[in-house]
Structures are given as structure tokens and as C-alpha cells.
Amino acid sequence: MRVLALDSAMTGCSACVYDSEAGALAEKNIDISRGQAEQLIPLVNDVLSCADTSYDALDMIAVTHGPGAFTGMRIGLATAKSIGMVLNKPVVGVCCFQAVLGSYLDDKQAEAGDAASAYAVILETKRKDYYFQLFGSGVEHKIGEAGALGADEIMASIGVRKCIYVGDAVERYAQESAQTIPYHHITMPKAQIIAQLAIKSFENNPASAAVCDPVYLRLPEIGTPKNPPRTLK
């Protein structure tokens with residue numbers, strides 16, 4: 001199976017052409033805080049060219065669907081769904097928490113020195129709280145529900161567990177919680193990990209391709225306008 005994997009839900013954007021037998025054929029990422037809409041499609045065309053692969057040769061599109069930055073997440077989903085619709089190929093959403101943890105585990109190869117009983121994935125909301133999900137032995141072992149929590153709530157959820165902390169908000173969390181914790185700053189997941197998770201999800205449940213909606217863990221902050229609307233007299 002040949003998969004095009006995309007991510008623009010966190011900081012930057014990435015793309016990969018992944019083959020289930022040969023592995024990653026090409027993978028590139030751009031670390032940017034905005035402008036994913038202009039960068040993502042050229043990045044996709046670039047990795048397809050580097051992998052000597054055409055759109056027609058793809059079997060699946062994989063994309064992170066949150067939680068993450070509102071605009072970036074929707075850019076990635078819109079791009080993936082558009083490509084999938086044109087090609088008539090399945091589009092599978094991948095959880096950002098799992099993609100980030102999977103990227104860390106892939107780098108570390110689950111080193112014995114980690115000696116963690118759990119993994120805390122903490123992602124930026126760009127507000128006072130954090131996107132948080134606790135995992136056990138790996139990406140499939142979720143502990144409790146994901147949420148948008150404050151530092152005190154995260155500490156209470158973790159309790160006495162010995163954790164390794166991963167994500168793009170772990171440094172801020174360490175400072176706010178005044179803890180000395182083992183953490184690994186990850187600003188974006190590996191696109192090839194996104195592809196691997198999507199393949200596994202699709203093989204376990206083909207119907208997962210029918211549900212690829214954005215994941216929101218917090219309500220939008222919408223207020224009333226400061227100035228009353230103007231009316232024509």
C-alpha cells in the first residue's frame with residue numbers, strides 16, 4: 001500500500017510518501033508558524049517527485065485531524081480530503097497525540113533507559129491550558145480521556161505515575177508546574193509515523209476512512225463585539 005501522509009495541525013507542515021513494504025520513499029517538513037496553506041501543496045508535489053510517484057499511484061491519504069491549531073488542522077484536512085475525492089481514495093485521520101508519541105518512540109526505539117510507566121503528551125493550545133492525553137505502554141494504550149486542561153489538572157491526572165513528557169508544550173508545562181521532569185520537545189510528528197498509524201487503523205477498521213473530522217477538545221472563545229453594529233439611517 002502506498003500512502004501520502006500530511007500534517008499541518010501543529011507547528012509547520014510535513015508530507016511523506018510511504019510504502020508499506022519499502023518504508024518512507026520521501027519525507028519533507030517545513031517548520032513555520034503560519035502560511036501552511038501556501039506551503040502544503042508544493043510540499044506534496046515535491047515529495048511525490050522525490051519518490052518518483054504520481055497521484056494515481058497512491059492508495060490512501062493520511063492526515064492529522066487534531067487536536068491542534070484550528071487553521072492549520074483544517075488546512076491539512078481540506079487538502080487531504082480534496083486529494084482523496086479527486087483520486088477516489090480513502091482518507092484516514094490520525095490523532096496528533098498518537099502521532100507525536102509514535103514519533104518519539106520511533107526516535108528512541110523504546111530505549112530501556114526511559115523506564116517510564118506512562119507517557120504524557122502535552123500539546124500547545126496557544127492559550128493558558130494544554131491539550132493533554134496520557135498513554136501507557138504505547139500509542140494504542142490510552143489512559144483516561146483527552147482534554148484541554150490546566151497544569152494543575154494535568155498533575156492530578158498523572159498522579160504518582162513515572163512519566164516521560166513529549167510534545168510542543170512540555171517546556172511551558174515544566175515551567176508552570178515547577179517540576180523537574182524528563183521531557184522531549186517535539187514540534188511536529190513524523191509524516192511516516194502518520195502513514196503507519198493510518199494503515200494500521202484502516203486495516204483494523206476500514207470504516208475509519210468514512211470518519212475524518214477535526215478533533216476539537218475545547219469550545220471556541222467567541223465574545224460579543226466591543227462596538228455595537230452600525231446601521232444605515
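Numbers for the structure displayed
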item	result
For the range 1-52: rounded, prolate or oblate by the Cα gyration tensor [a/c cutoff 1.5]	prolate
The range 150-214: trypsin sites (Lys or Arg not before Pro) in DSSP loop, at most 14 other beta carbons within 10 Å	ARG161, LYS162
Sequence-distant lysines (8 or more away, or on other chains) whose Cα lies within less than 17 Å of LYS81	LYS89
Carbon + sulfur, % of accessible area of the chain - ligands and nucleic acids excluded, 1.4 Å	51
For the range 1-122, size of Cβ-based charge dipole, Lys and Arg +1, Asp and Glu -1, in debye	520
Long-range HN-HN contacts of LEU25 with modeled amide H, under 5 Å	VAL17, TYR18, ASP19
Unit charges on C-beta of K, R, D, E only; dipole of the chain, Debye	1040
Cut-off 11 Å between beta-carbons: net charge of the residues surrounding LYS89, Lys and Arg +1, Asp and Glu -1	0
Theoretical ellipticity at 222 nm over the chain - DSSP helices of four or more residues, -39500 (n - 2.57) apiece, nearest 500	-10500 deg cm²/dmol
Residue-by-residue Karplus 3J(HN,Hα) for the range 182-188, coefficients 6.51, -1.76, 1.60, Hz, glycine and proline x	x, 10, 9, 7, 10, 8, 7
Inter-label distance for LYS81 and THR187, nm, one decimal - labels placed 7 Å from Cα along Cα-to-Cβ	2.9
Restricting the range 129-204 to GluC sites (Glu not before Pro) in coil, as DSSP defines it, with at most 14 other Cβ within 10 Å	GLU140
Convex hull of the chain built on C-alpha atoms - directionally averaged projected area, nm²	16.0
DSSP beta bridge pairing in the chain, given as percent antiparallel to the nearest 5	60
Under 19 Å from LYS200, Cα to Cα: aspartates and glutamates that are on another chain or at least 8 residues apart	ASP7, ASP19, GLU21, ASP59, ASP106, GLU140, ASP213
Pairwise Cα inverse-distance average, inverted: Kirkwood Rh of the range 115-233 (Å)	16.7
Dipole magnitude of the range 1-72 about its Cα centre (Cβ charges: Lys, Arg +1; Asp, Glu -1), debye to nearest 20	260
The range 54-169: radius of gyration and largest Cα-Cα distance (Dmax), Å	16.3, 51
Per residue, in Å², the accessible surface of the chain once ligands and nucleic acids are set aside, probe 1.4 Å	52
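The values are calculated or read from the model by the stated rules, or taken from the named source; none is laboratory data. All values derive from a computational prediction rather than experimental measurement. FYI the Cβ positions are ideal-geometry reconstructions off the backbone, even for glycines, and counts take in every protein chain you see. These accessible areas exclude ligands, DNA and RNA; they are computed on the full protein's heavy atoms, side chains included. Shrake-Rupley method; radii C 1.70, N 1.55, O 1.52, S 1.80 Å.
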